[in-house]
Structures are given as structure tokens and as C-alpha cells.
1. If you scan segment A:69-82, which residues turn out to be within 16 Å of ligand 2 (Cβ to nearest atom) and either more than 9 Å from chain B (Cβ to nearest Cβ) or in a strand (DSSP E or B) (or both)?
2. Among (1) within 16 Å of ligand 1 (Cβ to nearest atom); (2) open to solvent by less than 20 Å² (accessible area, probe 1.4 Å), which single condition is residue B:54 missing?
3. Out of A:127, A:120, A:115, report the one residue that is within 16 Å of ligand 4 (Cβ to nearest atom) and in contact (Cβ under 8 Å) with a residue 40 or more places away in the chain.
4. Please go through segment A:83-141 and give me each residue that is more than 7 Å from every other protein chain (Cβ to nearest Cβ), in contact with a His (Cβ under 7 Å, 6 or more places away or on another chain) and under 30 Å from residue B:136 (Cβ atoms), ordered by number.
5. Of all residues in segment B:1-17 being of a type in the set (Lys, Arg) and under 22 Å from residue B:36 (Cβ atoms), which is farthest from the chain's Cα centre (by Cα)?
6. Considering A:91, A:66, which residue is closer than 26 Å to residue B:106 by Cα, assigned by TED's automatic domain parsing to the domain that holds residue A:121, touching a helix residue (DSSP H, G or I) at 6+ places or on another chain (Cβ under 9 Å) and not hydrophobic (A, V, I, L, M, F, W, C)?
7. If you take the residues in segment A:1-30 that are among the basic types (Lys, Arg) and part of a helix (DSSP H, G or I), which one is nearest to DNA strand C (Cβ to nearest atom)?
8. Give the residue, chosen from A:37, A:66, that is in a helix (DSSP H, G or I) and of a type outside the set (S, T, N, Q).
Number of protein chains: 2
Amino acid sequence: MKELLHAKGFKMTPQRELIFRTFFDMGRHVSADELSEKVRRKDRSIGHSTVWRTLKLICTVGLAQEVNIGDGITRYDRITRVPHGHLFCLECGEFVEFDAGDMISRLDKVASDSGFVPEGFKVEIQGYCKKCRQQSQESGR
Amino acid sequence: MKELLHAKGFKMTPQRELIFRTFFDMGRHVSADELSEKVRRKDRSIGHSTVWRTLKLICTVGLAQEVNIGDGITRYDRITRVPHGHLFCLECGEFVEFDAGDMISRLDKVASDSGFVPEGFKVEIQGYCKKCRQQSQESGR
DNA sequence: ATTGAAATTGAATATCGCTTTCAATTAGGA
DNA sequence: TCCTAATTGAAAGCGATATTCAATTTCAAT
Ligand SMILES: [Mn+2]
Ligand SMILES: [Mn+2]
Ligand SMILES: [Zn+2]
Ligand SMILES: [Zn+2]
């Protein structure tokens, strides 16, 4: 961890250590605010901007990436070996991940066919989960 | 057009007429600001908020949809019969569309397997276009 | 261990899409 | 024509993200 930062010219600090640990202990798709709140419950002296900057840093060193579902809130998702897509509910915000490995090869080809060097892929499905559909049905319409 | 609005309880106005026409005359992936600027070149009296709201309206009646690539700017894309994906350059912002029809059937299955009723799909590739790669190579690194 | 340049921090402030508010105007069915 | 609900434009508001800056801290080089 410390090595990874130093390799790219960044320094390790107590704040970063706590933020890193908290981030990786939390689930996936964490927003800056959510992380900030959790971090500051452990150490009230850590500033919001530091949490925010560290999240960017985690992306910069390649350990996470931003996920944007169009609700104006950026979430941060740990990068896994297997590329995955997101399925999320427009009503309750539930996230489901699914394996997108097979699609990536297709998309790779699409990119090179257009002369692009791909940097990242995004495969998303927006919809309504079973639970939300049942609830809206119960409450009429 | 007017009928489409009336069918959903909306009224037609001169402002909307101009905004609709301008939007559909412009290319794809238009941001609210871009449209607003173009509209107001034709009629300076039209307020920004009206352009805004009309863009939302166009989505509501099903003629366009929001496209969000994570740069904080919502773009509006006319809905075409064929579902398509987006390939865009992280450097210059160039957009390329590609046919994603075959992927949709796969995604449809993924959704139903999880008990979701899909409302929309997003297939995107971020990368660097040929032109930008050449330019950054010329200017060292 | 000491030093010092460069990175980092936290509070405050700025930014900037986007949204809401509200009084005045307008559309269009009755 | 009349009436009411929808619409408009200006201004103010909102909220996530970004930047500024003085004070502090890290860590490579002494
Ligand atoms: Mn994920
Ligand atoms: Mn498109
Ligand atoms: Zn749901
Ligand atoms: Zn480019």
C-alpha cells in the first residue's frame, strides 16, 4: 500500500491509512459522503476534503473506479479481476453485479475497429426490482 | 408533435416549438447549455430554464434520453429504433455510436434472472481516439 | 537525528450544473 | 370570449464536487 503510493510519488499519512482501510472494509459502490461519514465517526478531525481527495487517489493508483448511474452521486467501486456490469433499481437504488467478462471481448473489438484504445467499459441495466414492483402494485397502480 | 404533447396533457407553445426544432436539427448528444445557446441565438427572449425544462419534457414524452458519461454534464440523445452503445474519447470527448442490439438480448436475460424489469441499458466504452493518441505522442510521452 | 523541499491537510470558499420558486403570461377547452 | 391550469423567465437555491491557502507533516538527503 505504502509502496504503491511511493511508487507514484505520493506520501502515506495517518489520514490516508484510515481512509483506505475504511474504504476497503465497506461494501461496494460507496459514495464520498458515505465514506466520509464512516471515517469521521472514527476520527472527527479528518476533513471532508481529505476523504474526497483520497478517494480520487485510490482511483488514480488503480484500486477503484468511479461508477456513475446518473443520479448525480459518484460512487466508488473496488476494481476486481473480473469485469462486471451493474444492474440497479431506479426506485430503491439496489445494486446487483453481474459478470460481464464475455461482453468485454466484444467491446474490445468495437473499440479497435474505431481506432480507439479502450480504457474502461460500462455495462449497466436500469430497471425496477421485484420488491419495488410489488410494493407499488400494492399501493395501487 | 403537438398531438403527442396534448395526449399527455401538455400544451404547445412557441418556445417549445423552437426548442424542439432546434434540438432535432442539432446532432446527437447535445448538452442543455449547447442547446440553450443555439436556441437563444434565434430568440434571445427564451429563458434558460425553459430550454431546460423542455429538454426534460422531450425525455418524458419518450423522444430522447439522458446520457451521462460521468463528466458532470448531462447530454440528450434522440431515441432511435436501434439500441446503440457509446464509445467516447476521454481526451477530446468525441462520441462514436455503435450497434448494441445483440447485447441487449443478453442484458435482458441478466435482468430477468435477477427479478428486474429493465427500463434502460447502457453500454459504453471510454478510451482514447486515434487522433488524440497521435497528438499526445508528438508532444512527447 | 536534523533539515528542508515538496506533499498534504482541513476549513473555508468557490464552482457549476441543475432545480425550484413565484408572479406574470398564455394556451386551449368549455 | 372566459376561465383555469399550464407555462414562462428571472432570480434565487441547491448540492456535489473542486479549489484555495496557511499551517502541518512526510521522507529523502544530509
Ligand atoms: Mn460494481
Ligand atoms: Mn447516442
Ligand atoms: Zn427496488
Ligand atoms: Zn480524442
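1. At the first step, the residues of segment A:69-82 found to be within 16 Å of ligand 2 (Cβ to nearest atom) are A:70.
Within segment A:69-82, no residue meets the criteria.
2. Looking at each condition in turn, residue B:54 falls short on (1).
3. Testing whether each residue is within 16 Å of ligand 4 (Cβ to nearest atom) and in contact (Cβ under 8 Å) with a residue 40 or more places away in the chain leaves just A:120.
4. Matches in segment A:83-141: A:100 only.
5. Step one: of segment B:1-17, the residues of a type in the set (Lys, Arg) are B:2, B:8, B:11, B:16.
In the following step, the residues that additionally are under 22 Å from residue B:36 (Cβ atoms) were identified as B:11, B:16.
Values: B:11: 23, B:16: 18 Å.
If we take residues in segment B:1-17 being of a type in the set (Lys, Arg) and under 22 Å from residue B:36 (Cβ atoms), then B:11 is farthest from the chain's Cα centre (by Cα).
6. A:91
7. From segment A:1-30, those among the basic types (Lys, Arg) are A:2, A:8, A:11, A:16, A:21, A:28; that's our starting set.
Checking the rest, the ones that are also part of a helix (DSSP H, G or I) come to A:2, A:16, A:21.
Values: A:2: 11, A:16: 4, A:21: 13 Å.
Residue satisfying both the conditions and the ranking: A:16.
8. Details: A:66 fails: in a helix (DSSP H, G or I).
From the options A:37, A:66, the qualifying one is A:37.
The values are calculated or read from the model by the stated rules, or taken from the named source; none is laboratory data. Because the structure is a prediction, the values reported are computed rather than measured. Note that we place each Cβ from the backbone using ideal geometry, even for glycine, and neighbour counts take in every protein chain shown. Protein only, heavy atoms only, side chains kept; ligands, DNA and RNA dropped before computing areas. Shrake-Rupley method; radii C 1.70, N 1.55, O 1.52, S 1.80 Å.
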